[in-house]
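Notes follow once the structure below has been shown.
The values are calculated or read from the model by the stated rules, or taken from the named source; none is laboratory data. Since we're looking at a predicted model, the values are computed, not measured. Methodologically, a virtual Cβ is constructed for each residue, glycine included, from the backbone with ideal geometry; neighbour enumeration extends over all protein chains shown.
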Amino acid sequence: MDRQQAELRPTGQQRPLGVPLPEEASWKDFLIVDSTSKIAVHIGLNNGYLRAYDGTTLTALEPITTGKWYDVKVVLNTTTKKYDVYVGGAKKANQFSFKDTTAVDVNKLAFGVAGNDTGILYIDNVRITK
């Protein structure tokens, strides 16, 4: 199982690292994708909430406060194509399905801000383990 963890503090504008952002308006994104940019995990800060996709269903996980740091951990299983999300150590998503279940060789992590959004998204203490 892969574990990906980052601390997030919502506040502006960063561009993604070589991964095209999905066409989601007003999002600050955290994406885990495969080598062809198919999105396995899509988590984002949007309209006052940390949200995640369970397959194609968008779910609000946790209300967010601008300027506050959040410890977000994703534990994913590339065999079952499921993942869990922890916020501050508490499980907020249990066995969510990959957004795109055809994603196979999950190997990229990207952060970014949608083109129509403003502000800053700070990322710190990123860890990836296997």
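Things worth noting here:
- Tallying residues that are of a type in the set (A, V, I, L, M), part of a strand (DSSP E or B) and out of contact with any Leu (no Cβ under 7 Å at 6 or more places or on another chain) within region 71-108 yields 4.
- Residue selected from region 34-59 under the condition of a type in the set (Val, Ile, Thr) and in a strand (DSSP E or B), by the criterion nearest to residue 86 (Cα to Cα): 43
- Count of residues meeting criterion [surrounded by 17 or more Cβ atoms within 10 Å (Cβ to Cβ) and out of contact with any Asp or Glu (no Cβ under 8 Å at 6 or more places or on another chain)] in region 63-72: 1
- The condition (being assigned to a loop (DSSP other than H, G, I, E, B) and either in contact with a Pro (Cβ under 9 Å, 6 or more places away or on another chain) or at pLDDT 90 or above (or both)) is satisfied by just one residue among 119, 112: 119.
- Considering region 63-101, the residues that are of a type in the set (A, V, I, L, M) and closer than 19 Å to residue 128 by Cβ include one that is modelled with the highest pLDDT, namely 93.
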